[in-house]
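First up is the structure itself, then whatever we jot down about it.
Throughout, read-outs are computed from the coordinates displayed, never taken from laboratory work. Since we're looking at a predicted model, the values are computed, not measured. Methodologically, a virtual Cβ is constructed for each residue, glycine included, from the backbone with ideal geometry; neighbour enumeration extends over all protein chains shown.
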């Protein structure tokens, strides 16, 4: 038995020696110091997966993706969902040009066109569209009677909140519609107060008709 083991070890040793010599002499031999498995110990990390861009919608996807204006993708999608819900409820959507046109319409001074701010007290006090009524839907009972009275004679009612993915204007519009205001009168300004102020349009501070103004000319 011991003789068989010695012969086996001798054959293995001879095979290993011959293999090493053949590898050294071959032009295609393996470099013994080279790492042939770059994903294992000591290897450089793999580059991050590329961000995919949807050019049609201007939305990028990926762990740190943002759209062209730096807005988080999730916020962009939520804003799109808000617009979709407005359409589902039969409510009109107004862009900046349309809203400014209504604000400068002579009927605005006669309150045939009114604006409704759907934000809470602090935001409203810090700045709203001049002469806008406040209607914070979470405390609807505090505002509903006054807004409904103004809505009876108004031909167009523009409702807004902060803009973007803010849903307060959506909820306020639905509540007014359900309270009897015709949907055809309701126009939701999705750009909201952020877009209004960014465009340099006049902003009223404090209470409605306070006369404290900042921003551009009427």
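Note on segment 87-105 and segment 159-181: Cα centroid distance 13 Å, given to the nearest whole angstrom.
Footprinting exposure proxy ranking of 177, 85, fewest other C-beta atoms within 10 angstrom first, gives 85, 177. Its alpha carbons considered, segment 72-214 gives a radius of gyration followed by a Dmax of 13.9, 41 Å. DSSP assigns beta bridges within segment 72-214; of those with both partners inside it, close to 20 percent run antiparallel.
As a calculated quantity, the FRET efficiency between residue 140 and residue 88 at R0 = 22 Å, using C-beta atoms, amounts to about 0.55.
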